[in-house]
Structure formats: structure tokens, C-alpha cells
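Asks: Take this structure first; my questions come after.
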Amino acid sequence: MRQKIDGVDFAVDEHIWGHRLYDEQLPHLAMLEFLGVLGSNTDNPLRAQVGDRVRYRPQRQIRLRGLLFNNPYVESIREKALPDPEKWKEWLERFAEDAASLGDFDMGYLRDVFTSFEDFAKAIELLRSSSFEARSNKRWSSKFVFPFGPDALYEDLRIDSDGGASNDRRFFARSGELLYLMLCRAKRGPELGDQLVKRLFDSSAPMNRLVKSLQGEAQHAADPRDVGYLPHASHPRFDRLCDDWLAILSRDMPVYDALEHLISSAGLNLLLYFLECAKAQAGDAEPVEIICEMVSRERTKVRMLSGESYQYNQALSLTAVRAAIEGIRLTDGWAVAAVSDDPNGAFAALMRDSFQWPPKDGGDDADSINSTGEQLIKTLVDKAESRHEQHFGKIHAAWSRAIGLSSRRLSRRTRYAPNDRLLKALVVTMVDDRMQFDEFLAEAKVRYGIVIGDLEGARLVSEKLVDQEALSDNRGNLETRLVGLGLVRRLSDSCSFVENPFGVGGGE
């Protein structure tokens, strides 16, 4: 019998991918949630074994987020021609009116921290400018400062009208918790854990000290909590993600700059994990393929193939859900149930052990108690498909767009067309110093299934889906893009090198 997943009526998605991946938790939010888990486990980072109970007690930092995102009048008061004490007095009164009364009512300590109201206002301005989604229309308790250090980390919160606060699973939906478990289960997880703690949890770093000066003492959730459920004890994608992060952290760049590439890497590898698990569940042993168009003004055959590749991968997860349920017919247990004294009851018990459905008491599914095995399968497929399409089924579209892998630029439909930010992240991750351009393309296909040139797309040519010249032109478009970004050096018409400006040799 599989592990019981609390909080769900039936478990299908959860046993394929985990509890849970979520479309609205974009990669940067998964990273923030991951860092929150890591922050509670800095004494033993990324060392949990399969079966270990991993817990964490997230920070809430209500004073900090209130100052940054629920403080609209600091600018207007700053501009007034008032003595400094009057500015402080007016601001404290105004802030108290909208305070959540969760440790943020008395903010008088700020006058001792900052020499002037102007310095205080500049600190707010600086941290706001570097925050995630500062200009979005999200509620103030769901906006996040850049993770400058341990004092800048906190969970997503819902602040009630009566002043209560509870963790919200909309933007911190457990994807970051699964990311933590994935890296724990990678072969080099402990090595990565030590590096992350050393680089990202320096409380004496200047920007973290600025954050702490606003927040004061840390505010934590009342009780520790368990992380989510990851069904795979190991997976090649866990090791790929871990190795990619170690490579990024080894580059000659400030850790705050490296964070952008870590987020892109997390998003790409999580997306590939999602697609790979779907293919495996559906019985498809072929590697994931992502045919990418390097955007050009001409409408090419590669553009059409890229769109078809996108649509094929978009459909994988729903196919996996159907396969997971309908595959129960092929089990020994199903055959045994069919010849038992009470086939319907035996089928229901087997479905319950596999998917924690139907409920024993019937509940809202009272009609399922006397259903045949085929009726149970059909009912659960309908339920699972409906639920899957609400969030899990949107992951591919949401995450590929968020990391800059997909686009609708110059096209009426979405296709794979990586942007400059993702291309830079691939170079920083894959290239230690320099790498021949053709080798870079081949390695991108091996690691991430990315198909760009004619050699990587040999299957497409042999099946007459596209001619070799179109893929060669696509390859040339990528080379031109990377030259423009200062990431490729041409030595001749037939010899180019991708160079990582942050690598061992600094691209020299």
C-alpha cells in the first residue's frame, strides 16, 4: 500500500510527481521556499536520508514585509518640509493604523537604528527595488524581498481581517520542499548543502544586516512542520540539478548574481523532472525532446516543429494520469479481485490501497460502493483529469514561460524559443571556461533534451520532418545570438567557442 497523502481526496498526481508541484509557485518562489527549509536545517544541510523526517520552522518576518510592502506613505512623508522628529512621529502614527498587530504595532526601535528619517526611507527604497514582484497586485503578505541572507527569508502568509495569520499554500505550495528533498537524494547533496549555507546564510553580509535592522528579532511560525512527499528515492534529474548548482556556485561571480542562474536551473530541471516522470508513467522510454527555435523574422519549419514539440510535451502529464489509473487493470491484484467472492468490494479495496479512493464510508462518492471495477476506473479517471487540469496540468505552460523557455513572439501559438536570460544561464552552468560550439549544442541535448542544430535534430531530418538546411540556419541564429551576448568567439567560419566570462579562465 502506498503512503497516505494527507489533505487530498485521492492521490494520483501525488504518486507520479510528489505532494506537491504547483503551477502558481513559479521557480523563484520555489527557491524562496527551499531556502526557508534549508534555513531551519543549516546544521545538517541536504543530508536527510530517504525515510528521514524532515521538518522546518519558517520565519514570518511580518515587520519587514509590512515596512516594504504595506507602507505606502513613507515617500510622501519623506518629501515634506518637516523637522526629522515630526516626520518620524507622523510616519509611526500612520503605520500603526494599518499594522497587522502581529508584532508590528510598536516600530519605535527604528529611530534608534537609523540616524535620520531620510536614511530609513532610502533603506526601504533600496530593498523594495531589489524585491520580487514589488509592482505586482499581490497582497502585501505575499510579496518577497530578495534573499540577501537568513533574515530576508519568510513564508507566504494570509493575514486575516481579525489580525490572524496563517501559512498560505498558494505561492508556497510545497514545490520548494520537494526541491529540498530532491537535492537531499542527489549523490552530491551534502557537498551542495555546505556550499549553500556558506554562501547564502552569512548573517554578517551588509545587505542582510540592513534587512535585520528593519526587521529586528526574527519572527517564526509557532510550530515546526513536516515537508511534503517525494515518491522517488533517487532520480537522474536530482543529480543533474545538484551538479548544475555546484557548477554555478563555482563560478567567479557574487552569490547574489549566481542566484538568478540557480533559479533558472531549478526551473529548467524541475520542468524536465515533471516531463520525465510523465513519460515514465506512460511507458515511454524515449528521452524528453525540446525542439527550440532561435527566433527569426522568417516563418520557418523549425518554428512549426517547435510549436508541435511544445504541444506534445504539454499533453504528457494528462496521458500519465490516465495511464497511472488504467494501469491497475494489468496488476496481479486486479486479476485476483476479478475471481474473488466479492469482486466489486475487492476492486474498491485495491483502488483504495493504490489511490486512497473510494472512501470506505462512501461520502460524496456513495454511488461508488457498489460500482464495478471498470466503473471505478472510469469515475476516478474523470475526477483525476478534472483536478489535474486545475494546477498540475498547467505546470508545463507556466514554468516554461517563467524561465524564458517558451514564447509567442512573432507567432500566434506558443513554442519553445529560449530568451537571452536562459541562454546565459545555460552557458554559466555548462561551460567551465570554454567549449566548442558544436560540443555545447550536443551537451545541451544530453543534459536537457534541447534540440537546436542539424546534428541534434538528426531524427527530424531522417523522418523528413524538416530539412537539414533549416536546422543549420537555426544553429547559426543561436551562434549569432551568443556572439551578440559576448558568449561566443569565432575563430573561423567553421570554428567557434562558447566562453563563460565567469569561468576558470574568465573567457580569456
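Computed from the coordinates by the stated procedures, all read-outs in this text should not be read as laboratory data. On a predicted model such as this, the values are computed, not experimentally measured, just so you know. Cβ: placed from backbone, ideal geometry, glycine included. Neighbour counts: every protein chain shown.
Asks: Among the lysines, select those whose C-alpha is under 30 Å from the C-alpha of Lys279, and discard any that sit fewer than 8 residues away in the same chain.
Replies: The reachable lysines, counting only those whose Cα sits under 30 Å from Lys279, are Lys4, Lys187, Lys301, Lys378, Lys383, Lys394, Lys424, Lys445, Lys464.
Asks: Assigning unit charges at the beta carbon (Lys, Arg +1; Asp, Glu -1) and nothing else, what dipole magnitude in debye, to the nearest 20, does the chain show about its Cα centre? Walk me through the intermediate numbers first.
Replies: Numbers: 67 positive and 79 negative charges, 145 e Å.
It comes to approximately 700 debye.
Asks: Under the Karplus relation 6.51 cos²θ - 1.76 cosθ + 1.60, θ = phi - 60°, what is the ordered set of whole-Hz ³J(HN,Hα) values for the stretch 264-270, x standing for Gly and Pro?
Replies: 4, 5, 4, x, 5, 6, 5
Asks: Another question about this same structure. In whole Hz, with x marking every Gly and Pro, tabulate ³J(HN,Hα) for the stretch 190-201 from phi via Karplus 6.51 cos²θ - 1.76 cosθ + 1.60, θ = phi - 60°.
Replies: Using θ = phi - 60°, the values come out as x, 4, 5, x, 4, 5, 5, 5, 4, 8, 10, 10 Hz.
Asks: On a full-extension model of 0.36 nm per residue, what is the gain between Cys495 and Arg158, subtracting their alpha-carbon distance, rounded to one decimal in nm?
Replies: Working: separation 337, 0.36 × 337 = 121.32 nm, distance 5.58 nm.
Separation in residues times 0.36 nm, less the Cα-Cα distance, equals 115.7 nm.
Asks: Also, I was wondering about something else. Which is farthest toward the positive dipole end of the stretch 8-232 among Ala222, Ile62, Thr42, measuring Cα position about the Cα centre, with Cβ charges +1 (Lys, Arg) and -1 (Asp, Glu)?
Replies: Sorting the options by dipole projection puts first Thr42.
Asks: Right, something else. Based solely on C-alpha atoms, express the radius of gyration and the Dmax of the chain in angstrom.
Replies: 25.9, 88
Asks: Can you check what the net charge comes to around Ser141, using other residues whose Cβ is under 14 Å from the Cβ of Ser141 (Lys, Arg +1; Asp, Glu -1)? Please report the intermediate quantities before stating the final value.
Replies: Details: positive: Arg60, Arg63, Arg65, Lys138, Arg139, Lys143, Arg158, Arg169, Arg170; negative: Asp98, Asp104, Glu133, Glu155, Asp156, Asp160, Asp168.
Result for the local shell: +2.
Asks: While we're on this one: I'd like the projected area of the stretch 8-232, averaged over all directions, using the convex hull of its alpha carbons. Report it in nm² with one decimal.
Replies: Values: hull surface 53.5 nm².
With every direction weighted equally, the projected area is 13.4 nm².
Asks: Assigning unit charges at the beta carbon (Lys, Arg +1; Asp, Glu -1) and nothing else, what dipole magnitude in debye, to the nearest 20, does the stretch 374-508 show about its Cα centre? List each step's numbers first, then the result.
Replies: On the way: 21 positive and 20 negative charges, 169 e Å.
With Lys and Arg at +1 and Asp and Glu at -1, about 820 debye.
Asks: Further question: May I ask you to derive the relative contact order of the stretch 8-232, considering only C-alpha pairs under 8 Å and at least 6 residues apart, and to give it as an integer percent?
Replies: Details: 318 pairs, mean separation 89.2, N = 225.
Rounded, it is 40 percent for the stretch 8-232.
Asks: Something else about it: Per 10 Å bin from zero, what fraction in whole % of the C-alpha pairs of the stretch 385-508 is there, up to the bin with the longest pair?
Replies: 12, 37, 33, 14, 4, 0
Asks: What span do the alpha-carbon atoms of the stretch 326-380 cover on each of the three principal axes, reported in whole Å from largest to smallest?
Replies: Rounded to whole Å, the extents work out to 29, 23, 17 Å.
Asks: Using the number of other C-beta atoms within 10 angstrom as an exposure proxy, rank Val54, Val113, Val451, Val339 with the fewest first.
Replies: Values: Val54 20, Val113 14, Val451 26, Val339 8.
Ranked by crowding around the Cβ, least crowded first: Val339, Val113, Val54, Val451.
Asks: Starting from the Cα gyration tensor of the stretch 238-333, take the square roots of the eigenvalues, sort them a ≥ b ≥ c, and report rounded, prolate or oblate (rounded when a/c is under 1.5, otherwise prolate if a/b is larger than b/c, else oblate). Provide the component values of the computation, followed by the final result.
Replies: Working: a/c = 3.51, a/b = 1.35, b/c = 2.59.
In terms of gyration-tensor shape, oblate.
Asks: Would you mind checking which residues have amide H under 5 Å from Ile450's amide H? H placed 1.01 Å from N; only 5 or more apart, or other chain.
Replies: Ile290, Lys445
Asks: Continuing with the same structure: Which of the lysines could a cross-linker bridge to Lys87, judged by Cα under 23 Å and excluding same-chain residues fewer than eight apart?
Replies: Leaving aside lysines fewer than 8 places away in the same chain, those within reach of Lys87 are Lys122, Lys212.
Asks: Right, next: Considering only DSSP beta bridges where both residues belong to the chain, give the percentage that are antiparallel (nearest 5).
Replies: Values: 17 of 19 bridges.
So the antiparallel bridges in the chain amount to around 90 percent.
Asks: Let me ask something else about it. Quick one: which residues, 5 or more positions from His220 or on another chain, have an amide H under 5 Å from its amide H? H modelled 1.01 Å from N in the peptide plane, none for Pro or chain starts.
Replies: Result for His220 returns Arg60.
Asks: Continuing with the same structure: Whole-Hz ³J(HN,Hα) for each residue in the stretch 206-219, computed from phi via Karplus 6.51 cos²θ - 1.76 cosθ + 1.60 with θ = phi - 60°, x for glycine and proline: what do you get?
Replies: x, 5, 5, 5, 5, 4, 5, 5, 7, 6, x, 5, 4, 10
Asks: Which aspartates and glutamates, on any chain, are close to Lys80 with Cα under 13 Å apart, when same-chain ones fewer than 8 places away are left out?
Replies: Glu90, Glu118
Asks: Sticking with this structure for a sec: Going by C-beta contacts inside 10 Å, put Glu479, Glu443 in order with the fewest on the left. Walk me through the numbers on the way to the answer.
Replies: Values: Glu479 21, Glu443 16.
Taking fewest neighbouring Cβ atoms as first place, the list is Glu443, Glu479.
Asks: Note the per residue figure in Å³ for the convex hull of the C-alpha positions in the stretch 110-268. Spell out each step's value before the answer.
Replies: Details: hull volume 24.2 nm³, N = 159.
It comes to 152 Å³ per residue, whole-number rounded.
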